[in-house]
Amino acid sequence: QADEERTLARRAAGCMIAALAAMVLSMPLMRSTGDDHHVAAGGTGDPLLRWTHDVLDPWLAARLPFVYGVDPFWLRLVLLCLTTCVMGWAGRGVFARAWASFRRHQADMSTLVAVGTGAAWLSSVAATLAPGWLAARGLAPDVYYEAALFILALVLLGNLLEARARRRTTA
């Protein structure tokens, strides 16, 4: 059980670090799509989105100007590679359990996580590889790589806490 906890801790930590990096790399992409996000934030009254646009984005731009100077295509490509590698490494247990559930014609938490993170990843891949195609059909080519990684990191953290509780209960 201690090995399982160490593995889950490494995967959760690695996934959370990657998610934070993906969030930082995604900030210039929000800016590059124009003011639609800010208008949406003001229109819906979403305080988190407004804070992100008004406070976090300028703060990051002042401290990481080189990131904001990178072409959005390359940022999306880096995010695609980072997310794919981390989801494959950290999330392989979740995806394996989801596939096993699918084969048994059952659904469980792993299925939900796999479908949610998989949908965010697939949508982001489409926005990365074919942004013009999406835009021509009236769809914003937004990426959600950081969302997929944060969801996976939080699920892994939950799995870690569950494994610790099981070990302590057994002891």
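The values are calculated or read from the model by the stated rules, or taken from the named source; none is laboratory data. None of the values given here were measured: they were computed from a predicted structure. Glycine also receives a Cβ, built like all others from the backbone with ideal geometry; neighbour counts cover every protein chain displayed. Just so you know, the surface numbers come from the protein's heavy atoms only, side chains and all, with ligands and any DNA or RNA stripped out. Shrake-Rupley method; radii C 1.70, N 1.55, O 1.52, S 1.80 Å.
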Between helix 109-129 and the chain: long-axis angle, C-alpha atoms, 0 to 90°, nearest 10 = 30 degrees
Principal-axis tilt of helix 92-103 within the chain, Cα atoms, nearest 10 degrees = 80 degrees
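For the chain, what does the relative contact order come out to in percent, with C-alpha contacts under 8 Å and a separation of six or more?
Details: 162 pairs, mean separation 61.4, N = 171.
This gives 36 percent for the chain.
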Highest GNM mean-square fluctuation among 56, 134, 48, for the chain with Cα springs under 10 Å, belongs to 48
Once the dipole of the chain is set up from charges on Cβ (+1 Lys and Arg, -1 Asp and Glu), the residue from the list 155, 28, 79 lying farthest towards its positive end is 155
Net charge over other residues, Cβ less than 14 angstrom from the Cβ of residue 155 (K, R count +1; D, E count -1) = +1
If you bin every alpha carbon distance in the chain into 10 Å steps from zero, what whole percent lands in each bin?
-> 10, 31, 33, 18, 7, 1
Using θ = phi - 60° and the Karplus relation 6.51 cos²θ - 1.76 cosθ + 1.60, list the HN-Hα couplings for the stretch 22-27 in order, rounded to whole Hz, with x at every Gly or Pro.
-> 5, 5, 5, 5, 7, 4
Once phi for every residue in the stretch 60-68 is put through the Karplus expression 6.51 cos²θ - 1.76 cosθ + 1.60 (θ = phi - 60°), the whole-Hz ³J(HN,Hα) values, with Gly and Pro written as x, are 5, 4, 6, 8, 10, x, 5, 5, 6
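So, with +1 on the Cβ of K and R and -1 on the Cβ of D and E, and no other charges, what is the size of the charge dipole of the chain about its Cα centre, to the nearest 20 debye? Display every interim value, and only then the final one.
Numbers: 16 positive and 13 negative charges, 163 e Å.
Here the size comes out at about 780 debye.
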Would you check the accessible area of residue 4, probe 1.4 Å, heavy atoms only, in square angstrom rounded to 10?
-> 80 Å²
